[in-house]
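Please treat every number below as a calculation from the coordinates, not as lab data. What you see is a predicted model; the values in this text were computed from it and never measured. Cβ: placed from backbone, ideal geometry, glycine included. Neighbour counts: every protein chain shown.
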Amino acid sequence: MNALELRDVTVSRGAGPVIRDVSLDVRPGAITALVGPNGAGKTSLLEAVSGVVPVSGGSISVDGTPITRLSRVARSRLGLVHIEQGRAVFPSLTVVENVRLSARSSAELDDALALFPELDERRDSPAELLSGGEQQMVVLARAFAARPAFLLIDEMSLGLAPVVFTRLLPMVQRFADQGVGILLVEQFTHLALGLAREALVVASGRVTYHGDAQALRDSPDTLHAAYLGG
Ligand SMILES: Nc1ncnc2c1ncn2[C@@H]1O[C@H](COP(=O)(O)OP(=O)(O)OP(=O)(O)O)[C@@H](O)[C@H]1O
C-alpha cells in the first residue's frame, strides 16, 4: 500500500517507554495531525519515524518497505523528510542558497521557490535577516525541494504568533495537494485539526484519540478528555 505505516511503535528514552504501541497510517496527499500535552511523546515519535532515535518495539514502513532498521539517510532516500523543531536555516546563506541545499536540479529549486511568492523579494537576502515566519517558509521550501513523499513537521509554529503561523498553513495544504503525505505535530491544536483529515491525541505516550480531525475539533469535551488521558 502507498502509505507511511506505523504498527505498535514503542520508543524508549532514559528511564523507559515514552511512546507505547502507536499505530497509524499517513496516505499520500493526506494530512494527519498529532496533538497532545507537553511531554506526551510527539517529538519522540517523529524522531523514531525519521531515524533520529531507534524504536524499541513495533514496525514502520514506507510504501510497503520496512524502514525500522534503516539509517536516516536511507529513509530520506525513500522520500521521508523531517522538519525538526526550531527553524534550522543557515543564517549567513541567502534564501536561494538555503533552498538549493536540498534541490538536486534547478527545476526542483524553482518549483520549491514558486510555492512561496512571499519570499520572492527576499531571495538574495541572508536568511538571518528574515522574520521568524519567513525563516519558517525557507525551511518549508527547502523541505519541498527535497521532493518528499512523506513529510514530518514538528511544531512549525514554535515562537511564532498565531497570525504568522496561520499564513504558513495554506502552504502545508499545498504540499498535500501535490500528493505529499503529512504528519503534523502542532501546539496550536485547533489550527492543526482544521487542516487535517485524521487526528491522533497522544497523552503520556499512549494514543487516547484516533479518528476524524473535524469531529475532534467540534467536540471540546472529547478533546479535553483525550488530553487528560482518554
Ligand atoms: N533526549 C532525551 N533523553 C531522555 N528523555 C527524553 C529525551 N527527549 C525527550 N525525552 C523525554 O521523553 C518524553 C517525551 O518527550 P517529547 O519531547 O517526545 O514530547 P512532546 O510531546 O514532543 O513534548 P513537547 O510538546 O513539550 O515538545 C518526555 O518525558 C521527555 O522528558
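Assorted remarks:
- Label zone of residue 85 (point 7 Å out along Cα→Cβ, amide N under 17 Å): in segment 180-200 this covers 184-189.
- Calculated mean residue ellipticity, 222 nm, the chain: -10000 deg cm²/dmol, from DSSP H runs (n ≥ 4) at -39500 (n - 2.57) each, averaged per residue and rounded to 500.
- What the Kirkwood sum gives for segment 29-96 is a hydrodynamic radius of 14.0 Å, with every pair of different alpha carbons counted.
- With the simple model of a label 7 Å out from the Cα in the direction of the Cβ, residue 221 to residue 174 spans 4.1 nm.
- For residue 105, the shell of other residues with beta-carbons less than 12 Å away shows a net charge of 0, using +1 for Lys and Arg and -1 for Asp and Glu.
- For the peptides 112-122, 75-85, 28-38, residues were scored by their other Cβ atoms within 10 Å and the scores averaged per peptide; the highest-first order is 28-38, 75-85, 112-122.
- Of all DSSP beta bridges in the chain, antiparallel share, percent nearest 5: 55 percent
- Using the Karplus relation 6.51 cos²θ - 1.76 cosθ + 1.60 with θ = phi - 60°, the per-residue 3J(HN,Hα) values for segment 150-161 come to 9, 10, 9, 10, 10, 6, 4, 7, 3, x, 9, 5 Hz, with x marking Gly and Pro.
- Highest average packing first - 97-106, 150-159, Cβ atoms within 10 Å: 150-159, 97-106
- A quarter of the convex hull surface defined by the alpha-carbon atoms of the chain gives 12.1 nm² as the mean projection.
- Estimated FRET transfer efficiency (residue 158, residue 92; beta-carbon r; R0 25 Å; 0.05): 0.70
- Pairwise centroid distance, computed over Cα atoms, of segment 34-57 with segment 135-196, Å: 18 Å
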